[in-house]
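Below is one structure, written out as structure tokens; the observations come after it.
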Amino acid sequence: ALDDQARDQGISYARCIAEGNIAPYVVLTDGDGVRAFDTVSRLEVGRDVRLSDVCSPRSLYVTPDELSLRAEALEALISFSPENLMAFCEAQARFRMKPLFGETLDYDKKFIPALFVQREEVASCLSEALDRKGHRVTLLFGHPQVGKTNVVCHTVLERIARGQPCLFYPAIGLQKSLLAEIGDDFEWEFSGTSDTYSQLARKLNNVLQRAEKKLTIFIDGLNETSVQLARAIDADCRRLSSDRIQIVISLTHSSATRMLRDPAGNSSFLAEEAGIPSHGASLIELDP
């Protein structure tokens, strides 16, 4: 029977999906009738319909308005208080960091907190750069396997623990542009495509303004992605650039020219913002 007991059972399943990815709607059917419920509010969506009606105007469906309202609610929740924003940032960072994060005996993981040894000089330089007023882009260079990922992951978790909002993205895991990935994390939906990136950057700044916080976005291992995606990330960083958002990117020194120049050989936005002159990328490849 499609009764309240069946409703409660379905909602309990929807709320227990791994990694906190709660399904927003629950649909019940006995093979003939259909009922749908909002997982969070438990309210019914529409009225009982028969499966024979699924192609009729009475069919159940989620409208773009409902999706946009959910996105708006999440945005309001995150920016309602600094505590909410920090909880979101911690969840985002740990989720994106999961493929890298390991315990003491996980030999195949890049970042094992129990074995991490702080490099004081690196930590001091990075902290000074991030705390400098008006500083928007920091590039972290080094030889392969020298520990850049460990420094980035540790810094992200340390700053979040101190109440400083951060987002973390391993470049090798980015399937889309940076702004599109941020949109996925915030579950922001857009009806059009012409001005989507500008809308997203504006919404992110609105969240930070209401929470009275600054955000640091960390992208680890830029050299592990394609040149095409690296240039898309560079363009997104330009769009995101503001007094409330800083960017930290790690990459191998040997990829500096490939990652930090446009097709015409000019310096990318990230290189210019980090203060690297046109010939600087070549010098970095010789000595990081």
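The values are calculated or read from the model by the stated rules, or taken from the named source; none is laboratory data. If you're wondering where the values come from, they're calculated on a predicted model, not measured in any experiment. Virtual Cβ from ideal backbone geometry, glycine too; neighbours counted across all protein chains shown. Calculation scope for accessible area: heavy atoms of the full protein, side chains included, ligands and nucleic acids excluded. Shrake-Rupley method; radii C 1.70, N 1.55, O 1.52, S 1.80 Å.
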**OP:** Give just the number: which of (1) aromatic (Phe, Trp, Tyr); (2) part of a loop (DSSP other than H, G, I, E, B); (3) within 22 Å of Glu212 (Cα to Cα) does Tyr107 not satisfy?
**Re:** (3)
Original post:
Among (1) at pLDDT below 85; (2) surrounded by 12 or more Cβ atoms within 10 Å (Cβ to Cβ), which single condition is Ser52 missing?
Top reply: (2)
Original post:
In region 238-256, which residue that is in contact with an Asp or Glu (Cβ under 6 Å, 6 or more places away or on another chain) and hydroxyl-bearing (Ser, Thr, Tyr) is modelled with the lowest pLDDT?
Top reply: Ser254
**OP:** Return a yes/no flag: does region 215-224 have any residue that is open to solvent by 70 Å² or more (accessible area, probe 1.4 Å) and either under 18 Å from the mean Cα position of the chain (by Cα) or closer than 27 Å to Gln164 by Cα (or both).
**Re:** yes
Subject >> Of residues in region 89-111 being without any contact (Cβ under 8 Å) to a residue 12 or more places away in the chain and out of contact with any strand residue (DSSP E or B) (no Cβ under 8 Å at 6 or more places or on another chain), the one farthest from Phe168 (Cα to Cα) >> reply: Leu105
Original post:
Which one of these is small (Gly, Ala, Ser) and surrounded by 22 or more Cβ atoms within 10 Å (Cβ to Cβ): Ala271, Ala264, Ala232, Ala201?
Top reply: Ala271
Subject >> Condition met for His135 (under 24 Å from Pro82 (Cα atoms), under 22 Å from the mean Cα position of the chain (by Cα) and at pLDDT 95 or above) >> reply: no
Original post:
Out of all the residues in region 112-121, which are open to solvent by less than 100 Å² (accessible area, probe 1.4 Å) and either touching a residue at least 40 places away in the same chain (Cβ under 8 Å) or of a type in the set (Val, Ile, Thr) (or both)?
Top reply: Ile112, Pro113
**OP:** Within region 122-178, work out how many residues are open to solvent by 20 Å² or more (accessible area, probe 1.4 Å), hydrophobic (A, V, I, L, M, F, W, C) and farther than 16 Å from Lys214 by Cα.
**Re:** 8
